[in-house]
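I have placed the structure first, in the form of structure tokens, so that the comments after it can refer back to it.
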Amino acid sequence: MHCKVILSTHEKDSAHEKDSANEREDAQKGRNKKDMNHKKWKFMKNNYQLYLMLLPGLLLLLVFKYVPMYGIIIAFKDYSPIRGIMGSDWVGLEYFRRFLTLPTFNQLFGNTVLLSFYGMVFGFIAPIVLALILNQIRHVGLKKNIQLIVYAPNFISTVIVVGMLFLLLSPVGPVNNLMEAMGMERAMFMTDAAYFRTVYVVSGIWQTAGWSSIIYLATLSGIGPELIEAAKVDGANVMQRIFHIDLPTLRPVSAIIFILSVGGIMSIGFEKAYLMQTSLNLPRSEILATYLYKVGLQMGDYSYSTAVGLFNAVINVILLLSVNFVVKRLNEGEGI
């Protein structure tokens, strides 16, 4: 009996000590949280100018990106401008079913994916290669002139680029004249569907590769010259320095750019594809963006076009999250 009393007293003391320890731990957590909040407010107060500069961008994002999301619900309604969004009847997934059973769905989806895929792959590799080449040029004047030449196409509007393509690649244009002079047959580059993807992707690389290489050049400029000199002393040639120093340095930033590129694979630009589109190359040039323009703005089928756009967005989000997950697993946490 005496032993039971002693054990009971010991258990009570242990429980009391445990409760006291928990209370002290909770109190310490509360103080740490309070200190952290105080530091955050102090940091925001000391740097309020930065937040004021950020405010216009946040407002633009809110007004033009988040507020329009309210209109997504018309994808599930038989929307009528007269009755308004809330007054229109619900139709559920009817417009999604209509799109997925469209006779030309496979063609539209395939054209969009292939055109985006080719553009993403070659458009991802070209700036890296260009940056590596420019990084090897030691003559400052020559390097600046080359950069000026490769950056300039980015500032040419899409309309002008497509106009240049029609002039250069027309049946009587300089490219066909050169081909004929070399004993080759003239080609209908802008009307033959077989050439559409090649012309689209190559012209896109020409226009954007230079500008896209800037971020890679900036990353390469952070490599210490002592590291390069040490590699040279060890006998590393140019290719060895590229593969063992330059490319590993570019890996983090290239991983992020790749993830963002995959996330937008279904959001290929409308303007260029629509401007290059003709009745003869339609089997290859008709993509989801041009189809949306026709059914949404030209035909006024707002609910259906919103459903197609939402379908696009969902696929992009799934791809973005999936690729980000894979990249983080393969590259030790590198990603978004």
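We did not get these values from a lab; they are worked out from the coordinates using the rules stated. Computed from a prediction, not measured in an experiment: that's the story for all the values here. Glycine also receives a Cβ, built like all others from the backbone with ideal geometry; neighbour counts cover every protein chain displayed.
Report the full-extension gain for the segment residue 230 to residue 316: residue separation times 0.36 nm, less the Cα-Cα distance, to one decimal in nm.
Result: 26.6 nm gained on full extension.
What residue among 150, 266, 193 has its Cα farthest toward the positive end of the dipole of the chain, where the charges are +1 on Lys, Arg and -1 on Asp, Glu, each on the Cβ?
Positive-end residue among those listed: 150.
Taking the Cα centre of the chain as origin, sum charge times position over the Cβ atoms of Lys and Arg (+1) and Asp and Glu (-1), and report the length of that vector in debye to the nearest 20. Display every interim value, and only then the final one.
Details: 30 positive and 23 negative charges, 145 e Å.
Dipole of the chain, to the nearest 20 debye: 700 debye.
In nm, to one decimal, how far is the modelled label at residue 125 from the one at residue 69, with both set 7 Å along Cα→Cβ?
Taking the simple label geometry, residue 125 and residue 69 are separated by 3.7 nm.
Restricting to Cα pairs below 8 Å that are 6+ residues apart, what does the relative contact order work out to for the chain? Please round to a whole percent.
Working: 273 pairs, mean separation 76.9, N = 336.
Normalised by residue count, the contact order of the chain is 23 percent.
Within segment 151-233, report the GluC sites (Glu not before Pro) that DSSP leaves as loop and that have at most 14 other Cβ atoms within 10 Å.
Numbers: sites: 180, 185, 226, 229; in loops: 185.
Sparse-neighbourhood loop GluC sites (Glu not before Pro): 185.
Let me make sure I get this right: for segment 92-190, a, b and c are the square roots of the gyration tensor eigenvalues over alpha carbons, sorted descending. Under 1.5 in a/c it's rounded, otherwise prolate if a/b > b/c, else oblate. Which is it?
Numbers: a/c = 2.70, a/b = 1.46, b/c = 1.85.
Oblate, since a/c reaches 1.5 and b/c is not below a/b.
For the modelled label position 7 Å from the Cα of residue 137 along Cα-to-Cβ, which residues of segment 201-240 have backbone nitrogen atoms closer than 17 Å?
Answer for this model: 206-221.
Would you please calculate the Kirkwood hydrodynamic radius of the chain over all C-alpha pairs and express it in Å, rounded to one decimal?
Numbers: mean 1/r = 0.0387 Å⁻¹.
After inverting the pairwise mean of 1/r, the radius is 25.8 Å.
What net charge is computed for the residues neighbouring residue 322, neighbours being all others with C-beta under 15 Å from the C-beta of residue 322, Lys and Arg scored +1, Asp and Glu -1?
Working: positive: 328, 329; negative: none.
That works out to +2.
Enumerate the calculated ³J(HN,Hα) couplings along segment 118-127 in order (Karplus 6.51 cos²θ - 1.76 cosθ + 1.60, θ = phi - 60°), each rounded to whole Hz, writing x wherever the residue is Gly or Pro.
For segment 118-127, the Karplus curve yields 4, x, 5, 5, 6, x, 7, 6, 4, x Hz.
Roughly what would the spin-label model give for residue 146 and residue 159, points 7 Å off Cα along C-beta, in nm?
So the label points at residue 146 and residue 159 sit 3.5 nm apart.
For residue 79, list long-range residues whose amide hydrogen, built 1.01 Å from N in the peptide plane, is under 5 Å from its own amide hydrogen.
So residue 79 has HN proximity to 303.
Quick one: of 42/328; 65/143; 65/328, which pairs are farther than 32 Å apart, Cα to Cα? Walk me through the numbers before you get to the answer.
Numbers: 42/328 34 Å; 65/143 40 Å; 65/328 28 Å.
From 42/328; 65/143; 65/328, over 32 Å: 42/328; 65/143.
So if I average 1/r over every pair of distinct C-alpha atoms in segment 133-224 and take the inverse, what Kirkwood radius in Å does that give? Walk me through the intermediate numbers first.
Details: mean 1/r = 0.0648 Å⁻¹.
15.4 Å is the Kirkwood radius here.
Expected output is a single nm value to one decimal: the length gained when fully extending between residue 242 and residue 195, i.e. 0.36 nm times separation in residues minus the C-alpha distance. What is it?
13.5 nm
Count the net charge of all other residues whose Cβ sits under 14 Å from the Cβ of residue 161, scoring Lys and Arg as +1 and Asp and Glu as -1.
On the way: positive: 272; negative: 271.
Summing Lys and Arg as +1 and Asp and Glu as -1 gives 0.
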